[in-house]
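All of the numbers you see were taken from the coordinates with simple rules; none came from a lab. The model shown is predicted, which means the values in this text are computed figures rather than measured ones. Using ideal geometry, Cβ is built from the backbone for each residue, glycine included, and neighbour counts are taken over all protein chains shown.
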Amino acid sequence: MATVRQGNRSVLLVVDLQVGVVADAWDVPRIVANVSRAVERARAQCVPVIWVQHTNEELPSGSPQWQWVPELAPAAGEARVHKRFNSAFEQTTLEADLERLGASHIALAGAASNWCIRATAYAVLERGYDLTLVSDAHTTSDMALEGGTRITAASVIDDLNVAMTWLEYPGRTTRSATAAEIEFGLRAD
């Protein structure tokens with residue numbers, strides 16, 4: 001069993017809202033506006049914002065597609081985490097950053113819902129943190145499977161929002177909330 005994090009200190013984790021990641025994603029203008037709203041709310045409540053940025057062959061560091069979407073930018077002093085795997089925890093500085101901040105609750109937003117957001121959400125819970133998925137502030141692209149089956153981005157997003165509402169982990173809370181209604185860090189119990 002994971003060590004459950006004590007306290008009620010929150011952080012907002014913004015994952016991979018990069019030009020190349022959201023180039024073909026669903027409803028990007030609305031999602032980016034909602035992430036921006038969540039970032040503004042976090043900053044107004046003195047909740048640290050941590051920015052996670054993916055690098056791989058398709059997103060080389062420093063390239064135009066690797067950059068943040070133009071509407072969002074880390075503020076001076078906000079932590080930045082660089083990753084090469086789906087989970088923001090794998091071979092990154094994220095755990096050290098969370099430890100330094102005394103975090104016990106992670107609010108999560110970004111892209112892509114079915115890859116990096118899902119992997120990071122489960123990693124958050126497995127490492128003993130409470131989790132709030134910002135339900136209207138994550139996105140992905142439609143997927144075409146063999147045989148003509150199509151999985152829509154909206155269905156992936158809905159599925160993850162429902163999962164994060166109903167998952168149960170001992171000693172931790174999981175929930176989803178919109179960018180307008182998110183409560184940073186207060187345990188329900």
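General remarks:
- Counting only Cα atoms, the chain measures 45, 37, 31 Å along its principal axes, largest extent leading.
- Residue-wise HN-Hα couplings along segment 164-177, as the Karplus relation 6.51 cos²θ - 1.76 cosθ + 1.60 with θ = phi - 60° gives them from phi, are 6, 7, 9, 4, 10, 10, x, x, 10, 10, 10, 6, 10, 8 Hz; Gly and Pro carry x.
- Set against the 2.2 N^0.38 Å expectation for a compact globular protein, segment 19-83 has a Cα radius of gyration ratio of 1.16.
- Virtual paramagnetic centre 7 Å along Cα→Cβ of T152, amide N under 16 Å, in segment 23-39: 25-28
- Normalised by the number of residues in segment 10-177, the average gap of Cα pairs under 8 Å and 6 or more apart makes the relative contact order 26 percent.
- Amide H contacts of Q18 (H built 1.01 Å from N, under 5 Å, at least 5 apart or other chain): V69
- Phi angles of segment 79-84 translate, via the Karplus equation with coefficients 6.51, -1.76, 1.60 and θ = phi - 60°, into HN-Hα couplings of 5, 10, 10, 10, 9, 10 Hz per residue; Gly and Pro are given as x.
- Cα shape, segment 121-189, gyration tensor, a/c 1.5 rule: prolate
- This model, with +1 at the C-beta of Lys and Arg and -1 at the C-beta of Asp and Glu, gives the chain a dipole about its Cα centre of some 520 debye.
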